[in-house]
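The values are calculated or read from the model by the stated rules, or taken from the named source; none is laboratory data. Quantities reported herein were computed from a predicted structural model and do not represent experimental measurements. Backbone-built Cβ (ideal geometry, glycine too); neighbour counts: all protein chains shown. Note: accessible area is taken over every heavy atom of the protein model, side chains too, but ligands, DNA and RNA are not part of it. Shrake-Rupley method; radii C 1.70, N 1.55, O 1.52, S 1.80 Å.
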Amino acid sequence: MSDSPVVDLVTLGQRLRHQRKSKNMTLEQLSEAVGRAPSQLSLIENGKREPKLSVLQAIAGALGVPLQDLLRPEAPSRRAGLEIDLAHFQQSPAYGSLGLPSVKGGRRLPADALESLVGLHRELNRLLTEQSATPEVARRANAQLRVDMRERDNYFAEIEAAAAGVLRSVKHATGPLSQRGILDIAAQLGFSLHYVNDLPGSTRSVTDLVGRRIYLPQVASGKGHDPRAVVLQTLGHFVLRHPEPADYADFLRQRVEANYFAAALLMPENFAVQFLKEAKADRALAIDDFRDAFGVSYETAAHRFTNLATHHFGIPVHFTRVHENGIVYKAYENDGVRFPADVTGAIEGQPICRKWASRTIFGSDDPYSSFYQFTDTSSGTYWCTVHIESTRSGEFSVTVGTPYEHARWFRGGDTSRRTVSRCPDPGCCRRPPATLVDRWAGHAWPSARVHSHLLAALPPGTFPGVDAQDVYEFLDRRA
Ligand SMILES: [Zn+2]
């Protein structure tokens, strides 16, 4: 992303030619008027040469148009727009690698041939882009990112330092960051904030890098993300000097870093560590207290806890966000817990063990109050604290867990709730109980709900994406 608008030479040339023709001037006439060779002007019109500012000024004067008009970024006509697109497509490395000749977009190219060529280029580009963002690529990138996060205990010292620097620059001295503080930070970085109701549905914010304006959604309260976090995530990309992402892995890493930056401002390291230190001394660490002290969402508090727990307190942790249907949406661990994974090492989209706290909570009598559980797993016993968040796409459990010996630092560390998980032994919960299989296998036809927002592929099975046990139990209840 560049701060200065770049003049596109092809567009400039097209605008110039358009103006010259509309004034009924030949290349020779214009060249005489500005004292340059016709061949030079031709190169400029074809976007092959960058004109000096003095030459451009002379041309604008000879044509009787304002210089700004020649520099405008739009094509002067639809035909010219197609010619510009064709030139750009043919200059791309992807086209170059095909070894095919370039076609001139000039007058001798019939309109339908031009339309057809540009249409084919657009489609080729779309297919290539689609290919580079397949679920397979996304899963590998996710898996690699999780390895990187584990290696640094999910603590990013350089982002903590950047966030602390920003807080100092607005003289933020204590406690949670207010809306006023966020406006100060944006202003300090040279951005103004604008709340609009027509932001593209696929974006969380859009930034005009020329006008330094950040457009944000007008969020009705209690719906979706913390609006403060969205601003800070956007500013994070600039503070952390993110270039345009080169590929999906890059995109993902930048997103993690921007989210980390936002959390490090909403829950500044020194105050957060002080708060947790006191709670630990009382053996009363609790994510809900942490959330309440800083006025953030439960998930933000839970995730922020994983940033600080190992680095500052030597407590290894895991974190999951699991949909009520049992599918993992997000997960992190550095405590040895074994998440279900596919061959690429990706865990997004995998069903988590039915005996784990992130799933048993949905069957609890009182799922909305504090929920704690010890779980014996194939890699040891873990203590977990779970919270349910209701969203428009269903209910999610947000879990923070730690190995048995660290439970004593947490409120609820003395819970008597305990389950045994034998996963990945398929006899644990991957296969429906034999009685249900005998009754329903071959007699059920579920139609899968497709998770278009979940990049990971669906878990395998006779009906991909469908949990057979849930289906059989459902039919059993109705039978
Ligand atoms: Zn299981």
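Structure above, values below:
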item	result
Count of region 422-447 residues which are open to solvent by less than 100 Å² (accessible area, probe 1.4 Å) and either on the phi > 0 side of the Ramachandran plot or touching a helix residue (DSSP H, G or I) at 6+ places or on another chain (Cβ under 6 Å) (or both)	6
Candidates Gly190, Gly175, Gly181, filtered to the one that is farther than 20 Å from Tyr329 by Cα and touching a His at 6+ places or on another chain (Cβ under 8 Å)	Gly181
Number of positions in region 271-326 that are assigned to a helix (DSSP H, G or I) and among the basic types (Lys, Arg)	4
Long-range neighbours under 6 Å by Cβ, at least six apart or interchain, first residue within 12 Å of Ala186 (Cβ to Cβ) and in a loop (DSSP other than H, G, I, E, B) within region 204-230, second modelled with pLDDT of 80 or more and small (Gly, Ala, Ser)	Arg212/Gly190
Enumeration of residues in region 398-421 that are of a type outside the set (D, E, K, R), more than 16 Å from the ligand (Cβ to nearest atom) and either over 34 Å from the mean Cα position of the chain (by Cα) or open to solvent by less than 90 Å² (accessible area, probe 1.4 Å) (or both)	Val398, Val400, Thr402, Pro403, His406, Ala407, Trp409, Phe410, Gly412, Gly413, Thr415, Ser416
Every residue from region 339-364 that is touching a strand residue (DSSP E or B) at 6+ places or on another chain (Cβ under 7 Å), of a type in the set (D, E, K, R) and part of a loop (DSSP other than H, G, I, E, B)	Glu348, Lys355
Region 330-376 - residue that is more than 16 Å from the ligand (Cβ to nearest atom), hydroxyl-bearing (Ser, Thr, Tyr) and touching a residue at least 12 places away in the same chain (Cβ under 8 Å) and, of those, most open to solvent (accessible area, probe 1.4 Å)	Tyr368
Long-range neighbours under 8 Å by Cβ, at least six apart or interchain, first residue under 12 Å from Gln469 (Cα atoms) and modelled with pLDDT under 85 within region 416-441, second within 9 Å of the ligand (Cβ to nearest atom) and open to solvent by 70 Å² or more (accessible area, probe 1.4 Å)	Arg430/Pro424
So Thr381, is it surrounded by 23 or more Cβ atoms within 10 Å (Cβ to Cβ), touching a residue at least 12 places away in the same chain (Cβ under 8 Å) and in contact with a strand residue (DSSP E or B) (Cβ under 7 Å, 6 or more places away or on another chain)	no
Region 86-112 - residue that is outside any helix (DSSP H, G or I) and either over 19 Å from Glu45 (Cβ atoms) or under 30 Å from the mean Cα position of the chain (by Cα) (or both) and, of those, modelled with the highest pLDDT	Pro110
Residues located in region 246-299, provided they are within 22 Å of Arg321 (Cα to Cα), of a type in the set (Asp, Glu) and within 23 Å of the chain's Cα centre (by Cα)	Glu257, Glu299
Candidates Leu177, Leu183, Leu199, Leu193, filtered to the one that is open to solvent by less than 60 Å² (accessible area, probe 1.4 Å) and either touching a residue at least 60 places away in the same chain (Cβ under 8 Å) or assigned to a helix (DSSP H, G or I) (or both)	Leu177
Criterion violated by Arg126 - all others in (1) loosely packed, with under 13 Cβ neighbours inside 10 Å; (2) part of a helix (DSSP H, G or I); (3) modelled with pLDDT of 85 or more satisfied	(3)
Members of region 5-25 that are assigned to a loop (DSSP other than H, G, I, E, B) and either touching a Lys or Arg at 6+ places or on another chain (Cβ under 8 Å) or in contact (Cβ under 8 Å) with a residue 60 or more places away in the chain (or both)	Pro5, Val7, Asp8
Unique residue being buried (at least 18 other Cβ atoms within 10 Å of the Cβ) and either assigned to a helix (DSSP H, G or I) or small (Gly, Ala, Ser) (or both) when the list is Glu83, Glu115	Glu83
Enumeration of residues in region 39-74 that are in a loop (DSSP other than H, G, I, E, B) and open to solvent by 40 Å² or more (accessible area, probe 1.4 Å)	Asn46, Lys48, Arg49, Glu50, Lys52, Gly64, Pro66, Arg72, Pro73, Glu74
Residue ID - farthest from the ligand (Cβ to nearest atom), chosen from residues in region 316-329 that are within 21 Å of Gln469 (Cβ to Cβ) and open to solvent by less than 30 Å² (accessible area, probe 1.4 Å)	His323
